[in-house]
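Only one structure is covered here, and it is reproduced in the block below.
Since every read-out is calculated from the coordinates, none of them should be taken as a lab result. All of these numbers come straight from a predicted model, not from anything done at the bench. Note that each Cβ is placed from the backbone with ideal geometry, even for glycine, and that neighbours are counted across all protein chains shown.
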């Protein structure tokens, strides 16, 4: 009888050990995936921070509505910006690298146009002697829409278009900047600036 008990006890111990081993492998695999995801996010963050035009997020409130502008911020670097680096009469990404993305936390009035809450690409068409055209477009993400900057701009996806009058100032703004003010989204770069009117619906 003792001979039968011992093999059964050994089999019981082996079975327990097998389950522990399986759980350990599952935990290790799950932990490995988490580490890999964290490493990918870190690498992406580091890659963006090393860019010549750093990715920048400007956040504020307009009439109690949260507004965010996510953009690449290029520098003047003694270059001629308007009409050369940024051509006139062509749709521009309004920043550098990926499309400039604007997020509205609630429905807003974008100029005279009603715009639903959500994220949109912001494009600008500079003019030499006329008002500039500001465009909101549905496709803003490389991952979600397979678009990059203004290269894949599709006018059929436009949500709103308005005109603004740019102002030429005396002080040089070396890096492109967006700010959220009570009047709307303020843009400034080089000596040029303008405000995109945004308000609660």
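Distance between the 7 Å Cα→Cβ label points at residue 154 and residue 77: 3.2 nm. Take 71-77, 124-130 and order them by the average number of nearby Cβ atoms within 10 Å per residue, most first; the result is 71-77, 124-130.
When ranked by the protection proxy of mean other Cβ atoms within 10 Å per residue, highest first, what sequence do the peptides 162-174, 132-144, 81-93 form?
On the way: 162-174: 12.0, 132-144: 17.3, 81-93: 15.0.
By packing density, highest mean first, the sequence is 132-144, 81-93, 162-174.
Label zone of residue 162 (point 7 Å out along Cα→Cβ, amide N under 19 Å): in the range 71-108 this covers 92-95, 100-108. Return the FRET efficiency for the residue pair residue 117, residue 53: r is the Cβ-Cβ distance, R0 is 35 Å, and the value is rounded to the nearest 0.05. Here the calculated transfer efficiency is 0.80. The stretch between residue 138 and residue 182 holds 13.4 nm of extra length on full extension. This uses 0.36 nm per residue minus the Cα-Cα distance. Its residue count N fixes a reference of 2.2 N^0.38 Å for the range 55-200, and the Cα radius of gyration divided by that reference is 0.97.
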